[in-house]
Amino acid sequence: MLEIPKTRSVRPVLRATLSARVLTHDLDLALTTLLFADGELRVPLVDSPVDSALRIRIDARDVSIALSRPMDVSITNRLPGRIAELVPLSPPYVRATCDLGMTQIHALIMRESVDRLALVPGLRIWVMIKAAAIAGADLSPDLAPRPRPWPLRRKSSQETA
């Protein structure tokens, strides 16, 4: 009987680090909403005040890709994007770089998924982020994005008459 040597693939460690700002805390759900350059992320409750700036880390192993908008999934963080690059790594892994607009994050996926989903650079996708970790130190407030201000109150036609 022929024995096939058992080799174990080493899963590469890939991550993206983003600047974010604390928008809200939901104490009932123990979640914090963070604003980053391309949207919002919900993370486990963060012990930082609203409006503080943080650095967050997203590990590629916590990122999945969908071809259509995910609806009935437990992953809360779902963002539209596009495949920027596909790089084969040690088998069976591929690094998919996902462009969200101003932000690029990596997904560590298997070659089988690339083939099955027919992933190619430029393809529109949905990026699903299972978890985002707070990467330690607070940032200078100027380094994190700020929410867009609401338009100033407009005068009604009665006020201008």
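Data for the structure
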| item | result |
| --- | --- |
| Extreme residue, farthest from residue 56 (Cα to Cα), among residues of the range 114-127 that are β-branched (Val, Ile, Thr) and buried (at least 17 other Cβ atoms within 10 Å of the Cβ) | 114 |
| Extreme residue, modelled with the highest pLDDT, among residues of the range 7-26 that are in a loop (DSSP other than H, G, I, E, B) and not small (Gly, Ala, Ser) | 14 |
| Lone unmet requirement of (1) more than 16 Å from residue 13 (Cα to Cα); (2) more than 13 Å from the chain's Cα centre (by Cα) for residue 127 | (2) |
| Members of the range 86-113 that are over 14 Å from residue 61 (Cα atoms), surrounded by fewer than 19 Cβ atoms within 10 Å (Cβ to Cβ) and either in contact with a helix residue (DSSP H, G or I) (Cβ under 8 Å, 6 or more places away or on another chain) or among the hydrophobic types (A, V, I, L, M, F, W, C) (or both) | 86, 87, 88, 91, 102 |
| Residue within the range 84-97 that is assigned to a loop (DSSP other than H, G, I, E, B) and closer than 22 Å to residue 44 by Cα present | no |
| Criterion (out of contact with any Asp or Glu (no Cβ under 6 Å at 6 or more places or on another chain) and among the polar types (S, T, N, Q)) met by exactly one of 103, 76, 97 | 76 |
| Candidates 146, 154, 82, 55 - the one that is exposed (fewer than 13 other Cβ atoms within 10 Å of the Cβ) and either within 27 Å of residue 34 (Cβ to Cβ) or modelled with pLDDT of 90 or more (or both) | 146 |
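Listed here are the residues, each with its yes/no results for (1) among the polar types (S, T, N, Q); (2) in contact with a Phe, Trp or Tyr (Cβ under 8 Å, 6 or more places away or on another chain).
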| residue | (1), (2) |
| --- | --- |
| 76 | yes, no |
| 79 | no, yes |
| 83 | no, no |
| 91 | no, no |
| 96 | no, no |
| 101 | no, no |
| 104 | yes, no |
| 107 | no, no |
| 111 | no, yes |
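The values are calculated or read from the model by the stated rules, or taken from the named source; none is laboratory data. All values derive from a computational prediction rather than experimental measurement. When we count neighbours, we look across all protein chains shown, and the Cβ atoms used for this are built from the backbone with ideal geometry, even at glycine.
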